[in-house]
Amino acid sequence: MAQAKDYGLGPHTYPRGWFIVAESSELDRGPMAVRFFGQDFALYRGESGRPVMLDAYCPHMQTHLTASDSATIVKEGKQIEGDSIRCPYHGWRFGPDGQCDDIPYHDGGPFPRSAKLGCHHVEDVMGCVMVWYDPEGKPPAYPAPKLKEWDDPSWVRWELDHLGELNLHPIEILDNMADAQHLGPTHGAPCEFFENEFRDHVYIQRQGGVHAGYGALLISSTWYTGPGLLLSKQSFGDVVTYELIANTPIDDGKVKVWHAALAQAKGDTPTDEDIEMARQIQAGALDAFSSDFSIWQNKGSAVRILQQPKDGPFSKGRRWYKQFYDLAEKAGEYHKELNGVLHIKDFPAPDERLRDFEADLFTEA
Ligand code: FES
Ligand SMILES: [Fe+2]
């Protein structure tokens, strides 16, 4: 499959941004071995509850810290001490900053200076472990996105759908944001209005229309916060839901995808019935999303798009995406060039209903 350089992305191979690396509940079951951005990582939760992500390979003899489950200290659940982790081979211990803080047979004196692992900034956000990944190693340029409904007890918290891996570059997932003309053929919901907006590291799509099958008005405001996290507020008739679609590069041209949806309970706290209803709403949203997903599973790489005048602004969307593969210091140039609203020939802009609908979106944790 096509890789970053084929799409003219670079100089970095992997984009800067916030990405999901696991569901929080997975980490509660013990340390994990994960691979993203062409690298292997050890992911675990410290005893304080803090998630930690370190480069996987121990500087002593290159053992993967969390990939083997047969070592005695792993089987006996003794690998984690405080927020530190011990290597399963000879028991060297590393802190959440990656620094070696104990060698069981140490001979006194300081630990070797090179006894250190790369550490990465991770946080629990909306039931997901999210990493700030930056090939230049800089701190987060913006906060991870968070829906305020996540902390509102009248909303049912999601559990992620783990959709697995796609042999496709994530730029082809991003294309959906500009893709007004697939809504009819792929989803059976052609739109009456459509627009895109670029706002620095945020890329917005607003669309809607009366759904042919149900006769009800469907409107959505969908926004990427950086290259890996899509959130969408949707209303169908009088039901409002939020959807999450997340992508994280595994290797160049290969990506992992998750999906989820939030729905509101009838009362102040969710009953079993509300939880069941929310799970059904998520399943319905997944069913609609599966139409895109199965196309991505089977398509070739659209390194070039045979653009038509009434196609959406694919190339502008891809240009917005390129900022995350470029040097961090150049981000401002992309924002200056791209910020603003875009319309497609013959597609009306959204009306006032949508402005009210998204009044307080794009909030960040
Ligand atoms: S390889 Fe990790 S402690 Fe020896
Ligand atoms: Fe779609």
- State the number of residues belonging to the stretch 36-76 that are under 21 Å from residue 128 (Cα atoms) and of a type in the set (S, T, N, Q). 3
- Query: Among 146, 116, 138, 75, which is away from ligand 1 (no atom under 16 Å from the Cβ) and surrounded by 15 or more Cβ atoms within 10 Å (Cβ to Cβ)?
  - Reply: 146
- Among the residues of the stretch 155-209 satisfying the criterion of being in contact with a Ser or Thr (Cβ under 9 Å, 6 or more places away or on another chain) and part of a strand (DSSP E or B), which is farthest from residue 322 (Cα to Cα)? 208
- Note on the structure: How many residues of the stretch 313-359 are free of Cβ contacts under 8 Å to residues at least 60 places away in the same chain and in a loop (DSSP other than H, G, I, E, B)? The answer is 3
- Item | Of all residues in the stretch 35-57 being in contact with a Lys or Arg (Cβ under 9 Å, 6 or more places away or on another chain) and of a type in the set (A, V, I, L, M), the one that is surrounded by the fewest Cβ atoms within 10 Å (Cβ to Cβ) | 56
- Message: So in the stretch 216-259, with the set limited to residues that are among the acidic types (Asp, Glu) and assigned to a strand (DSSP E or B), which one is farthest from residue 19 (Cα to Cα)?
- Response: 243
- Message: Given the condition basic (Lys, Arg), under 24 Å from the mean Cα position of the chain (by Cα) and within 16 Å of ligand 2 (Cβ to nearest atom), answer yes or no: does some residue in the stretch 325-342 qualify?
- Response: no
- Message: Can you tell me how many residues within the stretch 254-267 are under 19 Å from residue 13 (Cβ atoms) and surrounded by fewer than 21 Cβ atoms within 10 Å (Cβ to Cβ)?
- Response: 1
- Item | Selection within the stretch 112-128 - of a type outside the set (A, V, I, L, M, F, W, C) and out of contact with any Ser or Thr (no Cβ under 8 Å at 6 or more places or on another chain) | 112, 113, 114, 116, 118, 120, 121, 123
- Item | Residue match in the stretch 292-311 (condition: among the small types (Gly, Ala, Ser), assigned to a helix (DSSP H, G or I) and in contact (Cβ under 8 Å) with a residue 60 or more places away in the chain) | no
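Every number here is computed from the coordinates shown, using simple stated rules; none is lab data. Because the structure is predicted, anything quoted here is derived from the model rather than measured. Here Cβ is always computed from backbone atoms with ideal geometry, including for glycine, and neighbour counts include all displayed protein chains.
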